[in-house]
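See structure below.
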Amino acid sequence: MEIVAAADSDERGLKLLKVIGQLQRLFSFIHSLTCHRIKAFSSTDNSSSSSDTKQVPDMSHEDLTNKVKDICEELILSHESLREVCDILEEELNKGLGRDSNPEAAIKCFPTYVRELPNGKEKGRFLALDLGGTNFRVLLIQLGEKCSMDSRIYAVPQPIMVGSGDGLFDHIAECLSSFIKERELGDELLPLGFTFSFPCKQEGLTKARLARWTKGFKCAGVEGRDVVELLKQAIARRGDVRIKICAVLNDTTGTLMSCAWKNHNCRIGLIVGTGTNACYMEKLERVELWDGDQDMPKQVIINTEWGAFGDNGCLDFIRTEYDNNIDRESINPGRQLYEKMISGMYMGEIARQVIIRLVSEGLLFGGKSSEILEEKGSFFTKYISEIESDKNGDFNNCRTVLEELGLNNATDTDCANVRHVCECVSRRAAYLAAAGVSVLLNRIDEESVTVAVDGSVYRFHPHFHNLMTEQISHLIKPGMKFDLMLSEDGSGRGAALVAAVASRSESR
Ligand code: BGC
């Protein structure tokens, strides 16, 4: 009993000492803050109203920059990690293509039923519909010696993106009808290609069942259904439009076809935009899954749907706390994990998460955040492109972006460090996309292959093309040649070409 009491009083003594120690440290910290606010933050007086100033460590500019670099280190992929990503992707693609392994595979490798590439002589007038992001487009395409196009963009309001399936298809049918009336196309029965850029299991050139929604869409009652049928029903409900749907395709297929029209080495279509995905021309003998005919040509375009790479945990070794946060807060947790590390829908938010952490550790903006910066989604992916477009050492765009975010007094060190965050995020995305393309190039194994690319990230990021090119050349078999080519309007011209090639094959 006594011993216990003695132990108790010892513990109390120790606790008291600890508390005194903590108080001393707190006083000396407050003292250090008031006496010598560090140089690095002396000009940082953000007028932003929100968020308390965090504890600011006593550090020189150089120390700050080094600490920021340390924290960003986990976003930098080593050559070994990238090689491992390639090896795993190769295995996952094989699983997707295998008849027995496909049901469990994360990467579905959907055969598109597009077996032929265009020969450049396709002609005619076509309609195309393009749904895959926040906008929906209707296009009228004239294929011939040259290609001309007339199109109109319609918004897809957020409530429609997450409303009912009928609501979405009624909206599409209404836009189509108003386009046909405006352009006075009512008398012609034009062939139509429908670019529907979501994962679909195709059962033919005009039949595609939605496997799952991605990119912020979640319309009820569409998963598992044939989207061509849903479109036809919506058109029938209106009763004022006549169309002939000749093909349904993914935007990657459109991108590949559009580029292959004039470039006969083109075998891969890649999108790095709101989402990411790639398709490629595969030999039938390697598509165990294929249930179509074995006629010539013995090949088919495979829509890999590689955005879902990693959904079975195989990429966890490179994923970070930021990736986990983004996934957890997304509309589709646990899904599209590779896409969430690469594409435009998520890149800005990854950068914001890193920046928020740096602010909370007192390493940016004197530890002071802003109301806007604290809002999810406020750091747009286009900001990354803008910030990285500044010439080295110049922070014009960076300051404009930070001001838009309510951060008005950033120092040069802050700007340089924000830029570093953006570079780490975009470089990782470009290298991961490059790893994917390298795997496809190595599979195709031809001497010289052109990769058709589209998407806002690839188009507008100032270094994405170069970063990808540099990394692919490290990852492909020695001696192979490749080039990444911006593909003009895959979703429009590509859709018309799929429709044209389909009618050519039909008439044989
Ligand atoms: C979709 C793909 C599409 C890609 C690019 C992904 O979210 O699943 O079907 O090709 O985005 O638009």
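Please treat every number below as a calculation from the coordinates, not as lab data. Keep in mind the model is a prediction, meaning the values are calculated, not measured. Here the Cβ is made from the backbone with ideal geometry for all residues, glycine too, and neighbour counts use every protein chain on show.
List of remarks:
- Of all DSSP beta bridges confined to the chain, the antiparallel ones make up roughly 60%.
- Prolate/oblate/rounded call for the range 160-229, Cα gyration tensor, a/c under 1.5 rounded: oblate
- Quick note on the range 394-508: its Rg to Rh ratio, both from C-alpha atoms and Rh being the Kirkwood radius, is 1.15.
- Cα-only Debye scattering, the range 360-415: base-10 log of I(q)/I(0) at q = 0.27 Å⁻¹: -1.22
- Here is the list for the range 382-483: trypsin sites (Lys or Arg not before Pro) lying in DSSP coil, each with at most 12 other C-beta atoms within 10 angstrom of its C-beta, are Lys391.
- Projecting the Cα positions of Gln353, Asn325, Cys398 onto the charge dipole of the chain (unit charges on Cβ atoms of Lys, Arg, Asp and Glu, taken about the Cα centre) puts Cys398 furthest along the positive direction.
- Helix-only mean residue ellipticity at 222 nm for the chain, each DSSP H run of n ≥ 4 adding -39500 (n - 2.57), per residue, nearest 500: -14000 deg cm²/dmol
- Cβ-Cβ FRET estimate between Lys477 and Ala211, R0 fixed at 41 Å, reported to 0.05: 0.80
- For the range 206-331, a simple Cβ point-charge model (Lys and Arg +1, Asp and Glu -1, everything else neutral) yields a dipole of about 700 debye relative to the Cα centre.
- Gyration tensor verdict on the range 257-385 (Cα atoms; rounded if a/c is under 1.5, prolate if a/b is larger than b/c, oblate otherwise): prolate
- P(r) weight above 23 Å for the range 174-323, C-alpha pairs, percent: 49 percent
- Kirkwood radius for the chain, taken over all pairs of different Cα atoms as the inverse mean of 1/r, rounds to 25.1 Å.
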